[in-house]
Amino acid sequence: MSTTLITGGTVVSSTGRVLADVLVDGETIRAVLEPGSTLLGHDLTGSVDRVIDATGRYVIPGGIDAHTHMQLPFGGTFASDTFETGTRAAAWGGTTTIVDFAVQKTGERLQDGLAAWHELAAGECAVDYGFHQIVGGVDDDSLRAMRGLVDEGISSFKLFMAYPGVFYSDDAQILKAMQVSAETGLMTMMHAENGPAIDVIAEQLVAQGRQGPYFHGIARAWQMEEEATHRAIMLANYAGAPLYVVHVSAKQAVQQLAWARDQGQQVFGETCPQYLYLSLEEQLGATSAEWGELEGAKWVCSTPLRSREEGHQDHMWQALRTNDIQMVSTDHCPFCMKDQKELGRGDFRAIPNGIGSIEHRMDLMYQGVVTGRITLERWVELTSTTPARMFGMHGRKGVIQPGADADIVLYDPNGHTSIGLEKTHHMNMDHSAWEGYEIDGHVDTVMARGKVIVDDGAYLGAKGDGRFVKRGLSQYLA
Ligand code: URP
Ligand code: ZN
Ligand code: ZN
Ligand code: ZN
């Protein structure tokens, strides 16, 4: 077991910042000390195996991305990052824990989906990983299996009000699953879009010759998100289940969440960097010499990017400040243009849904600190501390305190990061959804359970460094 002292940095938590030294012993944080502290008269720097000088840098708990989809089957293809490539990209970007979604598709057994996900991830990951369970077929068998999830360290499941025939649950199924949520404490996560209505709108648009990626955003209108969000809230209210709405993009959906929270309901919301920065007009409507109108397919995801003219992005930043939205995850679900997004040439309904951002979340959210949209402490809270609490890892993850896993990022506020395929990119994609974004900060050093896995532009980790995290019940619930 080796010991490390991180000296001279500013330790940032969700509640404040302090100049402190951090003593790491093996895989764990042993102490957070006044700078230059001695131990029983001994100079600590001489007693540890390694000293890392963090002067001028922020020392933050490693990022936790609680919404990723490695190898997700979608639209006849699979998300292009494996657990190996995706978690390595996460590490490069300062994320030291992910929570991915084990998949039960309609017609499959939940237990089989979970076992398959363990097999995909075991021994492959660069950083620690947990699972949520996608329940794509609520029936007696899966309801029974859900009751056993907590014992397996899986304390949350996702239902879909979208994607009929693939992952979709109807209201009767949702209510039954939420009753299990109320009974067991499992967190219900909801993809809140009215899928059947969206399918009708999409069919009508295609019949009118409106087939490009832009119309993906038109078909998935904000009304479809607001309505489904409200319905999910009401069903959860009746069932007495906690509800976490994933990838919120419409300001009207945020208003539904805020209203439910004001009534005292245990309802939470997550958004993603794409809904803070990108838009229907600029991205889904983009064309390029290489791809023509298909260019917009790079940003086809669901919920969709929203109109900037309607003000969704600004509202989403505001919601991060007012805590109407509690967390930022990526919904990392990458597909290449070649052979994947291309499947939807001539029909947006066949474009696999998803954007890859796992490597850039910490940077993109830090830029919100630079531009004055959120505070430094809120950055840590949104990207690490709340994800840990929301999904039952707090104490071990999401904090720099004695006893916590030594998942630590040294972030340089005087550094700079240019995002793009040829620059920062380690995701298994042939394009970047974030090409040209400039960040006034830099992930310098990443430590995962005491091991430095990224340092000074070099990757020092290995696949298998990351282990499965058995999560407990949400620590965000009263
Ligand atoms: O477009 C998205 N979000 N793809 C991933 C699947 C999901 O609904 O989260
Ligand atoms: Zn979803
Ligand atoms: Zn997702
Ligand atoms: Zn630097």
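Since every read-out is calculated from the coordinates, none of them should be taken as a lab result. If you're wondering where the values come from, they're calculated on a predicted model, not measured in any experiment. FYI the Cβ positions are ideal-geometry reconstructions off the backbone, even for glycines, and counts take in every protein chain you see.
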Subject >> Cleavage-rule hits (trypsin sites (Lys or Arg not before Pro)) in region 371-454: DSSP loop, at most 16 neighbouring Cβ within 10 angstrom >> reply: Lys423
Original post:
How far apart, in nm, are two points set 7 Å out from the Cα along the Cα-to-Cβ line at Asp43 and at Leu477?
Top reply: 5.2
Subject >> Packing-based exposure ordering (other Cβ within 10 Å, fewest first) of Thr15, Thr271 >> reply: Thr15, Thr271
Original post:
Mind listing the Cα extents of region 1-88 along all three principal axes, in Å, largest one first?
Top reply: 64, 31, 19
Original post:
Toward the positive end of the charge dipole of the chain, about the Cα centre and with charges on Cβ (Lys, Arg +1; Asp, Glu -1), which of Ala478, Ser384, Phe131 goes farthest?
Top reply: Ala478
Original post:
Expressed in nm to one decimal, what extension gain is obtained for the pair Arg109 and Thr322 from 0.36 nm per residue of sequence separation less their Cα-Cα distance?
Top reply: 72.6 nm
Original post:
Rounded to the nearest 500 deg cm²/dmol, what is the calculated helix-only ellipticity per residue at 222 nm for the chain, with -39500 (n - 2.57) per DSSP H run of length n ≥ 4?
Top reply: -8000 deg cm²/dmol
Original post:
Once the Cβ-Cβ distance between Asp171 and Asp456 is put in as r, and R0 is 35 Å, what FRET efficiency do you end up with, to the nearest 0.05?
Top reply: 0.10
Original post:
Within the chain, which complete DSSP H helices have Cα atoms spanning at least 24 Å along the helix axis and a mean Kyte-Doolittle hydropathy of -1.0 or higher?
Top reply: 222-239
Original post:
What ranking do Leu39, Leu143, Leu320 get, fewest neighbouring Cβ atoms within 10 angstrom at the top?
Top reply: Leu39, Leu143, Leu320
Subject >> Residues His69, His42 arranged by fewest to most Cβ contacts within 10 Å >> reply: His42, His69
**OP:** Could you work out how far the C-alpha centroid of region 337-394 sits from that of region 230-287, in angstrom?
**Re:** 15
Original post:
Which stretch or stretches of region 162-198 have amide N atoms under 15 Å from the point lying 7 Å from Asp139's Cα along the Cα→Cβ direction?
Top reply: 165-170, 173
Original post:
According to a simple spin-label model (label point 7 Å from Cα along Cα-to-Cβ), what is the distance in nm between Met1 and Ala122?
Top reply: 2.7
Subject >> Under 13 Å between alpha carbons - lysine pairs in the chain that sit 8 or more apart or on different chains >> reply: 5
Original post:
Semi-axes of the equivalent ellipsoid of the chain: what are they in whole Å, largest first, if each equals the square root of 5 times a C-alpha gyration tensor eigenvalue?
Top reply: 36, 25, 21
Subject >> Label-point separation, Glu281 to Lys470 (7 Å along Cα→Cβ), nm >> reply: 5.3
Subject >> Between region 20-88 and region 427-478, the Cα center-to-center distance that results, in Å >> reply: 9
**OP:** Taking the Cα centre of the chain as origin, sum charge times position over the Cβ atoms of Lys and Arg (+1) and Asp and Glu (-1), and report the length of that vector in debye to the nearest 20.
**Re:** 740
